[in-house]
Amino acid sequence: MFLNKEVVEQQSVAAWSTWKTKWMGNCRKTRQIPKSSMSSLLNKCKDKILIQAAFGASLAKQIPFLKENRHKFQLMCCDKAFGFLMENGIVPDYCIIADASVSSEWIKGHDTSNTILIANIAANPEWTVRWKGEVVFYANWDNIGSAKTLSPLAEVFEVIPASSNVSNAQVVFASQVLNPSVQLLVGYDYSWRADGNYYASGDHQKRHLMHHMDVISPWGYLAQTSSNLSFSCLWLQQYLMKFPKVKIFNCSGEGILASVPTGDLEVMLKRYEKERHLKAV
């Protein structure tokens, strides 16, 4: 399946119709929150390895390796993965939030002072009010021009392409702002196993509410997914096809993300560590 301009626009229009009142209210609150410019993060990961942690169930399998090798890479995670990583003794360098309604309970009780929060201007402001570390905002530039309405409300005019969901936003933000030498994806499942967990932290009722289809995973098993996750998966695949020089490897080990080079996390980390050392000599 290919996501053409009309399909993507339909998705954007549907989201705007559903969320515009909430987004506009959140943007008005965002205006009052102390923030750093997105430009402060330009090339922040240049010549560095960036591991991108989404919250698919497969992330749980990577925890021991991530913890043992934490000093070897930069780490960005999505909103809901932050607390899970912290509970396992892993402090992300960056956390990104995009959802207007995701509960701030996901960060309750955790020290946020050592992590930079990258927040969509329309994201739940309870996160940015609670956050103790640096906060950087961005606006989504979509194909219906919603930023023209939202950016003035938040007084934030730095944009990245709208990217369908938060884990996709991680990749887009890193590719266009942080500029790492390579991105290694973990937890990018866009699906769940019938006999597995929905999230890395455990199961969730979403497995029933969002079970819209069954698909064969590129890893060779029957996966369950939702129309939203399937759309987001296709969106990322097509986005990366436009930028063949961006080095990205899917090291999740399961899920439905296809058309992206895959690799074992340990092998890929060693490979790019060696490459970095050779460049430094």
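The values are calculated or read from the model by the stated rules, or taken from the named source; none is laboratory data. Just so it is clear, the model here is predicted, and its values are computed rather than measured. Positions of Cβ are generated from backbone atoms using ideal geometry, with glycine treated the same way; all protein chains shown enter the neighbour counts. Side chains included, ligands, DNA and RNA excluded: accessible areas come from the protein's heavy atoms. Shrake-Rupley method; radii C 1.70, N 1.55, O 1.52, S 1.80 Å.
Taking the protein heavy atoms of region 75-230 in the context of the full set of protein chains, the accessible area attributed to carbon and sulfur is 49 percent at 1.4 Å. Between the entries (i) 1.86; (ii) 0.96; (iii) 1.12, the label attached to Cα Rg over 2.2 N^0.38 Å calculated for this structure is (ii).
Could you tell me how far the Cα centroid of region 68-105 sits from the Cα centroid of region 204-240, in Å? Answer, in whole Å: 22. Go ahead and run the numbers for FRET between residue 9 and residue 148, Cβ-Cβ distance against an R0 of 25 Å, rounding to 0.05. After rounding to 0.05, the efficiency reads 0.95.
What percent antiparallel are the DSSP beta bridges of the chain, to the nearest 5? Don't skip to the answer; put the middle values down first.
Working: 8 of 36 bridges.
Close to 20 percent.
Here the chain is scanned for trypsin sites (Lys or Arg not before Pro) in DSSP loops (not H, G, I, E, B) that have at most 10 other Cβ atoms within 10 Å, and the longest stretch holding none of them is 109-241.
Surface exposure of region 21-153, expressed per residue as accessible area with a 1.4 Å probe, stands at 42 Å². Which one of 102, 182, 136 has the biggest mean-square fluctuation once the chain is modelled by GNM with Cα springs under 10 Å? Comparing 102, 182, 136 in a Gaussian network model of the chain, the most mobile one is 102.
Counting only protein heavy atoms and using a 1.4 Å probe, what share of the accessible area of region 1-74 belongs to carbon plus sulfur, as a whole percent? Provide the component values of the computation, followed by the final result.
On the way: 2340 of 4360 Å².
Ligands and nucleic acids excluded, carbon and sulfur give 54 percent.
By accessible area, using a 1.4 Å probe on protein heavy atoms only, region 233-281 has 59% of its surface on carbon and sulfur.
Counting heavy atoms of the protein chains only and a 1.4 Å probe, report the per residue accessible area for region 160-281 as a whole number of Å².
Numbers: 5680 Å² over 122 residues.
Result: 47 Å² of accessible area for each residue.
For the chain, what does the relative contact order come out to in percent, with C-alpha contacts under 8 Å and a separation of six or more?
On the way: 534 pairs, mean separation 62.5, N = 281.
Value for the chain: 22 percent.
The stretch between residue 16 and residue 264 holds 85.4 nm of extra length on full extension. This uses 0.36 nm per residue minus the Cα-Cα distance.
Figure legend: label point modelled 7 angstrom from the Cα of residue 181 along Cα→Cβ; residues of region 44-66 with amide N under 15 Å from it are 44-51. Helices meeting the span-like rule in the chain (full DSSP H runs, Cα extent of at least 18 Å along the helix axis, mean Kyte-Doolittle score of 0.0 or higher): 227-241. Computed on region 73-212, with alpha-carbon pairs under 8 angstrom and 6+ residues apart, the relative contact order is 18 percent.
Residue 212 contributes an accessible area of around 100 Å² to the protein surface, as traced by a 1.4 Å probe with all chains present.
The helix-based estimate of mean residue ellipticity at 222 nm for the chain, built from -39,500 (n - 2.57) per DSSP H run of four or more residues and divided by its residue count, is -11000 deg cm²/dmol to the nearest 500.
Only protein heavy atoms count here; under a 1.4 Å probe, residue 191 has an accessible surface of about 10 Å². Computed with a 1.4 Å probe on the full set of protein chains, the accessible area for residue 146 sits at about 10 Å².
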